[in-house]
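What follows is a set of notes on a single structure, which appears directly below.
The values are calculated or read from the model by the stated rules, or taken from the named source; none is laboratory data. Computed from a prediction, not measured in an experiment: that's the story for all the values here. Quick reminder, even Gly has a Cβ in these numbers, built from the backbone with ideal geometry, and neighbours come from all protein chains shown. Each accessible area value is taken on the protein alone, full model and side chains, heavy atoms only, with ligands, DNA and RNA left out. Shrake-Rupley method; radii C 1.70, N 1.55, O 1.52, S 1.80 Å.
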Amino acid sequence: MAVDRPIAQLGRRLRVGFVGGGADSVIGSVHQIALRADGLGDLVAGAFSIDPQVSRETGAALLLDPSRIYDDWEEMLTAEASRDDRIDAVVVITPPSLHQRISSAFLAQGFHVLCEKPMTDSAEAADILARDAARATGLFALTHCYTGYPMVREARELIGSGAIGEIRLIESEHAAGGPDMIRDPEDRSRRHWRFRRESMGIASVLGEVGSHPHNISEYVTGQRVQLVSASLSTIAPGREVFDNAYLNVTYDGGAVGRIWSSFVAAGQEHGLGFRIFGDEGSLQWRQEDPEFLWHLTPGQPLRRISRGLPSTSDVARDSTRLGWGHPEGYLMAFANIYRDFLSAVVAHELGGDPAPLLDRLPGIDDGLSTMRLIDAAVRSHEAGGQTTAVTGSR
Ligand SMILES: NC(=O)c1ccc[n+]([C@@H]2O[C@H](COP(=O)([O-])OP(=O)(O)OC[C@H]3O[C@@H](n4cnc5c(N)ncnc54)[C@H](O)[C@@H]3O)[C@@H](O)[C@H]2O)c1
């Protein structure tokens, strides 16, 4: 294994805190594994839950110093800001309605912030966070974890090098349909926040799932959605938010495309993927089969690019830990987000340039782009699907 020189130069692991991600959460344990994978950071503090008891139990199970297990995030911010051994970075793993307030507050105290997607719950909140991040000394990135897959990064490199020519069509989707999604619970009090209008707004499906295909399509192509025509529906009876969204979009590089986001694609297990067509060929990738990128050239045999092949790009190989034929999967893709972000923090702390590492990660501009798209999609839908510009907030 290669020696990680920058962290050795720093002489210590980074100190990391979590807000959210407690034992009562879906994604907290994934963050813990991803943080540990490369040994660049230790989880030393947290306000892990809306429920103080759960926060304490989560921290105790992680053997944290009890004085660094907090009942709420504001208490954590105040206490950590005044410690000599304060955390270097906080990871925001709460529901999206809290992302902006928590991220802005930690950035204002000089902490680095890694934030779950969608960046916020509205375009207005995204504007505020963008302003606060621009003033901050700390770094900011989003855990749009699918951009950590080596084969997604390979697609970005191939498209950048012109391997499929000029991009014409961009098809992306995240259409899921598990049993907990396809219908609303009869007992409305058991509704998850994802399906509550008051917590996620009416376009929940676009933030919770649609942010992924939108982000990944912009990540791999380098183009931003400029125009949208939206058709939003509520399919599950009794549901109070949209649960299916078809977006026809135009990208600023000239490509046109579609983004499908759904909670009601019954039977689909995850359903994230993209197909990108240039004037010389296309690339296709599916999250449920993430080790392979498919390269199609008209008149040529189908080319399957495997993660780990020596012929893949530097960034794809650098994002790979095992040789081809040994699946890495979701957890290692998530770990790549942590590795790149914490390596960027180390570079920053050593007075170096974090930009090459941050370039691999979705950040403020990407979150802003998603939240503005959602805002424009709702306006388009309200205007009967009228083509609407993706601009600043309302
Ligand atoms: N990147 C991915 O693949 C992925 C997957 C799932 C969820 N997510 C995102 O992660 C975030 C959390 O999702 P989840 O599914 O884990 O949600 P969840 O409801 O299961 O968990 C939310 C966590 O935040 C805590 N919390 C709520 N309010 C808090 C507060 N004021 N202070 C401290 N903690 C608080 C809860 O107690 C819980 O621990 C969301 O933004 C979601 O979109 C991302």
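When the stretch 365-394 is limited to residues that are free of Cβ contacts under 8 Å to residues at least 60 places away in the same chain and not in a helix (DSSP H, G or I), the one that is farthest from residue 244 (Cα to Cα) turns out to be 391. Here residue 153 fits the description: in a helix (DSSP H, G or I), under 25 Å from residue 93 (Cα atoms) and more than 16 Å from the ligand (Cβ to nearest atom).
Considering only the stretch 72-83, state which residues are surrounded by 20 or more Cβ atoms within 10 Å (Cβ to Cβ) and within 12 Å of the ligand (Cβ to nearest atom). Selection gives 73, 76, 77.
Of all the criteria given as (1) open to solvent by 60 Å² or more (accessible area, probe 1.4 Å); (2) touching a residue at least 40 places away in the same chain (Cβ under 8 Å), the one not satisfied by residue 116 is (1).
Can you find a residue in the stretch 283-301 that is in a helix (DSSP H, G or I), within 12 Å of residue 151 (Cα to Cα) and not hydroxyl-bearing (Ser, Thr, Tyr)? No, the stretch 283-301 has no match at all. Taken as a whole, the stretch 133-146 holds at least one residue that is within 16 Å of the ligand (Cβ to nearest atom), open to solvent by 10 Å² or more (accessible area, probe 1.4 Å) and touching a residue at least 40 places away in the same chain (Cβ under 8 Å).
For the stretch 40-71, the candidate set comprises residues that are of a type in the set (Gly, Ala, Ser) and surrounded by fewer than 20 Cβ atoms within 10 Å (Cβ to Cβ); within that set, the residue that is nearest to residue 86 (Cα to Cα) is 67. All of (1) of a type in the set (Gly, Ala, Ser); (2) away from the ligand (no atom under 16 Å from the Cβ); (3) over 14 Å from the mean Cα position of the chain (by Cα) hold for residue 369 with one exception: (3).
Suppose the filter is surrounded by 22 or more Cβ atoms within 10 Å (Cβ to Cβ) and in a helix (DSSP H, G or I); does residue 347 pass it? It is false that residue 347 is surrounded by 22 or more Cβ atoms within 10 Å (Cβ to Cβ) and in a helix (DSSP H, G or I). Can you pull out the residues in the stretch 96-128 that are within 16 Å of the ligand (Cβ to nearest atom) and touching a strand residue (DSSP E or B) at 6+ places or on another chain (Cβ under 8 Å)? Answer for the stretch 96-128, where residues must be within 16 Å of the ligand (Cβ to nearest atom) and touching a strand residue (DSSP E or B) at 6+ places or on another chain (Cβ under 8 Å): 98, 99, 102, 103, 106, 111, 113, 114, 115, 116, 117, 119. Of all the criteria given as (1) modelled with pLDDT of 95 or more; (2) of a type in the set (D, E, K, R); (3) farther than 19 Å from residue 41 by Cα, the one not satisfied by residue 340 is (3).
Among the residues of the stretch 14-58, what is the count of those that are more than 9 Å from the ligand (Cβ to nearest atom) and out of contact with any helix residue (DSSP H, G or I) (no Cβ under 7 Å at 6 or more places or on another chain)?
Result for the stretch 14-58: 10.
Of everything in the stretch 174-199 that's open to solvent by less than 20 Å² (accessible area, probe 1.4 Å) and within 12 Å of the ligand (Cβ to nearest atom), which residue is nearest to residue 367 (Cα to Cα)? Looking at the filtered set, the residue picked out is 174. For the criterion of being basic (Lys, Arg), open to solvent by 10 Å² or more (accessible area, probe 1.4 Å) and within 18 Å of the chain's Cα centre (by Cα), residue 286 passes.
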